[in-house]
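For reference, the structure discussed in these notes is given below.
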């Protein structure tokens, strides 16, 4: 049996704290020990409640934020040299942002917005080639090239997000990190953008990290899924395993709250969690989910559960129920 291919992108034990005093005490512990791998041509979905660290993780994966500790590697090589990201790595790892309005410069035409990566990386030999490439990219995302001289305010939210995707594709990336790319869009437009990303992945072979809080959207697009809770990865595995047989009690609670067709709902038990998520300024010791977990025991307060399990389905829980 051939050995698995080297991941195109890997994060190892990433930590990020904002604010705080000496040794980061009193700061917001946004990400605390997250590890993951992304392979060529796959989509890794990341889900979790607001404030769980998804966006901070996304920004570290593309080099917009530097981890306090831990490392991101691209094709097995360190992502950064000190705090500097090599130009070639920046070219190959791109990002689509959450808000398609604020992520586009309102004073620039669509031509200049989409062409900016071409200018930075010197990928167009002259103005004619630059304009032709922008036209190709706009067609690729379903927009007419004739629109390139307009400004962002002249487009709808879905069209603006397509422009953001075109900009991300300009450098022929191997990885695109999508930070809640459809949360600011209407429901009907969300489906169009999600289907566009899936089609582009099949056509171009690009790997995607798709971050969202909508479980149905993540399930639709993802090969594997990671579930985050309060800065840590609670569960990670193939989408069919995570959705069909969640091993972590937090994942099980999330799945039980997701809307399903009414005939199925009659056969599903709703899991209601007690209390509110703890503050990331002062997270619980041990397992961060223990203050809301119906299975919590003394060991959960004293020992932090590692992310482990049989095969590729992993859960950070002392009482993980795999295959349940």
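Quick note: the coordinates plus some simple rules give every number you see, no bench work behind them. Just so we're clear, the structure is a prediction, and the values are computed from it rather than from any experiment. Because the Cβ atoms are built from the backbone with ideal geometry, glycine has one as well, and the counts that use them run over all protein chains shown.
Could you grab me the full set of residues in segment 199-214 that are touching a residue at least 60 places away in the same chain (Cβ under 8 Å) and more than 13 Å from the chain's Cα centre (by Cα)?
Across segment 199-214, the qualifying residues are 200, 201, 205, 206.
From the list 319, 289, exactly one residue is buried (at least 18 other Cβ atoms within 10 Å of the Cβ) and either at negative phi or within 24 Å of the chain's Cα centre (by Cα) (or both). Which is it? I'd like the intermediate steps shown before the answer.
On the way: 319 fails: buried (at least 18 other Cβ atoms within 10 Å of the Cβ).
Residue meeting the stated conditions: 289.
Could you please let me know if residue 235 is in contact (Cβ under 8 Å) with a residue 12 or more places away in the chain and over 27 Å from residue 318 (Cα atoms)? It would help to see each step written out before you state the result.
Values: in contact (Cβ under 8 Å) with a residue 12 or more places away in the chain: yes; over 27 Å from residue 318 (Cα atoms): no.
It is false that residue 235 is in contact (Cβ under 8 Å) with a residue 12 or more places away in the chain and over 27 Å from residue 318 (Cα atoms).
Looking only at segment 238-252, which residues are surrounded by fewer than 21 Cβ atoms within 10 Å (Cβ to Cβ) and either touching a residue at least 40 places away in the same chain (Cβ under 8 Å) or in contact with a helix residue (DSSP H, G or I) (Cβ under 7 Å, 6 or more places away or on another chain) (or both)? Working first, answer last.
The first filter runs over segment 238-252 and keeps only residues surrounded by fewer than 21 Cβ atoms within 10 Å (Cβ to Cβ), leaving 238-240, 243-245, 252.
Matches in segment 238-252: 238, 239, 243, 245.
Which of the residues that make up segment 274-284 are surrounded by 13 or more Cβ atoms within 10 Å (Cβ to Cβ) and free of Cβ contacts under 8 Å to residues at least 60 places away in the same chain? Can you show your working first?
Within segment 274-284, the subset surrounded by 13 or more Cβ atoms within 10 Å (Cβ to Cβ) is 277-278, 280-281, 283-284.
Selection gives 278, 284.
Considering each residue of segment 132-144, count those that are surrounded by 16 or more Cβ atoms within 10 Å (Cβ to Cβ) and free of Cβ contacts under 8 Å to residues at least 40 places away in the same chain, and give that number.
Adding up the residues that qualify gives 6.
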